[in-house]
Every structure is written in structure tokens, then in C-alpha cells.
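Some notes on the structure that comes next.
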């Protein structure tokens, strides 16, 4: 039984009632929900067609896979729905996220994912002062040393792929056979280690991050 924080609108309550596995309308509700998610996935893939083009049949396959993944996500997290929006609005977002992820994976399907940096020499803003460049380069040198010395091999590979080689996190998760959540934790732990290592040298990450933006 789903317990919402707010009083649900009638339509949302009907969805929840029908998505109860004991409901006689459960199978029909799953089919209706899949159709809703498929429309959302088609919309998102169509919106991204200029940046992530795919053949017509390929786009439909992407949409159907995204809708299926979104359906599993909605059902798995049904207990987290609290009625702060309509159920259909809440569920729609699952399809948009899965479709966006599918587009990114499709765009990278023929790309090699590099887990090693092309160079540790990140370029600072050319308009910066000589003093600023020196400070940034000092941090970059220390950062490279900390990445090599203080991170595990897995942390180093994930951080390099995502932050230096611009590999989308869902693409990397697929290639490494893991989840986005696991990779987010890896990045968080790696950054924490790096901040500690640089702080011990009287340095920080802020100057580096600003120089790269």
C-alpha cells in the first residue's frame, strides 16, 4: 500500500490502485503506463535528434528500450511516490531520463572510451595573469601527483574518463558494467581524497576547476 505525503488527486490514486500487484487491473495498468512512457521517450529522442541522430527504426528501438527501462524504474520506486506532483508527471520524468541516457549511449556506441588522460596539462584561461597561471600550474602538478599516488586504479580511471575525457557517466557505466550511482560515489570519494591531499600541501581544487570552465 502506497502512503503519500499529500492527499492524491483522483487520477494519481487510480494509477496507484491499479498498479497494486493484487489488483485485477494490474496488467492493463502496466500496459497503459508503458504506452505513456513510450510517448515521453519518443518526445525526448525526437528533441535530441539534431545532436544525437539515429535512423528512423533505430530511434524507435531506442524509445522502446528507454520506455521499458523507465517502466522498471517506476515500478521499483513506486513506494517513493509522495504525491507532490501528479503520478503521470512523476513517471514521465523516468522516461525522459532514460531516453536521454539512451541517446548518449547511442552517440558513443562507436567511440572508444579512454580511461587514461591525453595530458595532465590542462590549459588555464589565456586572459589570466602570469601569477594566476603559475598558481594554477602549481595546483595541476600537485593534482597529477595526487591522482597517481592517492587514488585507487578504479577511482583514477573513472575520474579521468568523466572529468578529463568527457565520457558521459551512463556510457561509462555501461562499458564498465556498473551503475551511475556507483560511479557518482566513486567520483565523490576520489574528489574527497584529492581535496585532502591538496589541502596537505596548502592547495585546493577551486582554482583548477575555475580554470577549466
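For this structure, a couple of remarks:
For every residue, the table says whether it meets (1) under 26 Å from residue 104 (Cβ atoms); (2) at pLDDT 80 or above.
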position	(1), (2)
140	no, no
147	yes, yes
156	yes, yes
161	yes, yes
166	yes, no
172	yes, yes
180	yes, yes
184	yes, yes
193	no, yes
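- Within segment 148-168, the set of residues being in contact with a helix residue (DSSP H, G or I) (Cβ under 7 Å, 6 or more places away or on another chain), free of Cβ contacts under 8 Å to residues at least 60 places away in the same chain and crowded, with 17+ Cβ neighbours inside 10 Å comprises 151, 155, 156, 158, 159, 161, 162, 167.
- Subset of segment 85-95 (residues that are surrounded by 18 or more Cβ atoms within 10 Å (Cβ to Cβ) and either modelled with pLDDT under 90 or under 12 Å from residue 44 (Cα atoms) (or both)): 92, 94, 95
The values are calculated or read from the model by the stated rules, or taken from the named source; none is laboratory data. Given the structure is predicted, the values throughout are model-derived calculations rather than measurements. When we count neighbours, we look across all protein chains shown, and the Cβ atoms used for this are built from the backbone with ideal geometry, even at glycine.
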